[in-house]
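The values are calculated or read from the model by the stated rules, or taken from the named source; none is laboratory data. Treat the numbers as computed from the prediction; the structure is a model and nothing was measured. A quick note on method: Cβ atoms are made from the backbone with ideal geometry, for glycine too, and the neighbour counts reach across all protein chains shown.
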Amino acid sequence: MELALYHPEHGYYSAEAPRYGRGGDYLTAPTASEWYPRMIARSLAGIHAVCGPLRLIDLASGDGSLITGVVDALGQGVGEILGEVVSVERSEAMRERQRDRRGPFKVPVRRIGSVTEVVSSARPTIVHASELYDAQPVARVVRRSGGLRELWVTLRDRELDWLERPPRSEVDAYFRRHGVELEDGQIAEANLAAEELHAGLLETLGEDSLCLVLDYGYEARRLYDPRGRRGGSLTTFRRHQLGHDPFAAPGETDLTAHVNWDDLRNAAGTAGWTEVGLWPLAEFLVRAGIGDELAERGLGMEADLDAATITARQEIKRLLDPEGMGSDLKMLVQAKGALLEAAHSVLSFEF
């Protein structure tokens, strides 16, 4: 999975053109509609009113769509609200694409290649990560009558295939730590590095910070429930078609596995952070004020049904769709220091 996604020459994310978007393999919230970065911008403006100038860090920033959308949405006030912007993107091709985007950014953007390069700052910090953790390499297991067997990748008759082996100690320990008992024949994945990666990120940030993680996932008790995912969550995407064979066109196909939110929650607890909420994307957007944003832009219920109104409502529907992104994607919000109170204030919509 590491090679197929991140090999510097042949990896899926090393391609010169973005793989996502309407003309690519899949949609992400930042690229599906300008309304997602617009609502992130609205949240930043609300937090700025409480805490002053902010630092924004976008992890796995891709071609810079989120940062561009946020900066555009903030308009003339962007320089006052955002004192610093950091783009973290592993792919050199995508970092280069960010540099080549049309039109200069209205604020300086520092581009780095690894989360390990993120440093602490006295400035209140907002970290945004969209579909970062579900693209991390995972270990895969299957339950047999004798216990867990780890699925390794092997070459058989010149074709990639699975090879069952006794699980490594860290793999066995992962499922024990989460209290997971798989059924016979059930397949499951484990992101062994997620908790450590997230803890390391949170520990490098300042005392006043907020972390927004948008991703596909469940708590362990649901993620490993055989009634929902007996075959695991490892999935492929190509040309907007979902598949389950990770050996089909490696390097040309996206690979993803659902996040175990308990890993990120454990990391936050270790680092002394507090959870503000874990919500479906639709609920997060409502809490962030998408209804008020619509009304303020003259696109609310009283608006004339012209082409602009219909287009905007269709874009918003894509993000709020309970049969799609609105339910499938979740937003985990964690905070520390002054931004904890600010986040509660900004996202305190009462249902």
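Among Ser43, Ser33, which is at pLDDT 85 or above, within 16 Å of the chain's Cα centre (by Cα) and not aliphatic (A, V, I, L, M)?
Among Ser43, Ser33, only Ser33 is at pLDDT 85 or above, within 16 Å of the chain's Cα centre (by Cα) and not aliphatic (A, V, I, L, M).
With the structure loaded, tell me whether Val141 is crowded, with 21+ Cβ neighbours inside 10 Å, in a strand (DSSP E or B) and hydrophobic (A, V, I, L, M, F, W, C) or whether it fails that test.
yes
Please determine whether any residue of the range 321-329 is buried (at least 18 other Cβ atoms within 10 Å of the Cβ), in contact with a helix residue (DSSP H, G or I) (Cβ under 6 Å, 6 or more places away or on another chain) and part of a helix (DSSP H, G or I).
yes
Among what's in the range 186-235 and is hydroxyl-bearing (Ser, Thr, Tyr) and assigned to a strand (DSSP E or B), pick the residue that is nearest to Asp262 (Cα to Cα).
Tyr218
Return the residues of the range 211-240 that are touching an Asp or Glu at 6+ places or on another chain (Cβ under 8 Å), of a type outside the set (Ser, Thr, Tyr) and in contact (Cβ under 8 Å) with a residue 60 or more places away in the chain; say none if nothing qualifies.
Of everything in the range 211-240, those that are touching an Asp or Glu at 6+ places or on another chain (Cβ under 8 Å), of a type outside the set (Ser, Thr, Tyr) and in contact (Cβ under 8 Å) with a residue 60 or more places away in the chain turn out to be Leu214, Asp215, Gly217, Gly232, Leu234, Phe237, Arg238, Arg239, His240.
Here's a check for you: in the range 47-104, which residue that is in a helix (DSSP H, G or I) and in contact with a Gly (Cβ under 6 Å, 6 or more places away or on another chain) is surrounded by the most Cβ atoms within 10 Å (Cβ to Cβ)?
Step by step, filter the range 47-104, then rank; the result is Met94.
Just name the residue that is surrounded by the fewest Cβ atoms within 10 Å (Cβ to Cβ) out of those in the range 213-265 that are aromatic (Phe, Trp, Tyr) and closer than 18 Å to Ser327 by Cα. Before you say what the answer is, go through the steps one by one.
Start the filter on the range 213-265 by keeping residues that are aromatic (Phe, Trp, Tyr), which leaves 216, 218, 224, 237, 247, 261.
Next cut, closer than 18 Å to Ser327 by Cα only: 216, 218, 261.
Working: Tyr216: 17, Tyr218: 19, Trp261: 22.
Among those that are aromatic (Phe, Trp, Tyr) and closer than 18 Å to Ser327 by Cα, it is Tyr216.
Working only within the range 108-122, note down all residues that are assigned to a loop (DSSP other than H, G, I, E, B) and surrounded by fewer than 17 Cβ atoms within 10 Å (Cβ to Cβ). Steps first, answer last, please.
Restricting attention to the range 108-122, the residues satisfying the condition of being assigned to a loop (DSSP other than H, G, I, E, B) are 108, 113-114, 118-122.
Pro108, Gly113, Ser114, Val119, Ser120, Ala122, listed by residue number.
So, in the range 110-129, how many residues would count as being among the polar types (S, T, N, Q), under 18 Å from the mean Cα position of the chain (by Cα) and at pLDDT below 95?
Count: 2.
Having 3 or more residues that are within 28 Å of Val127 (Cα to Cα) is the bar; report the strands (runs of 3 or more DSSP E) wholly within the range 240-299 that clear it.
Values: elements: 241-243, 254-256, 274-280.
Qualifying strands (runs of 3 or more DSSP E): 254-256, 274-280.
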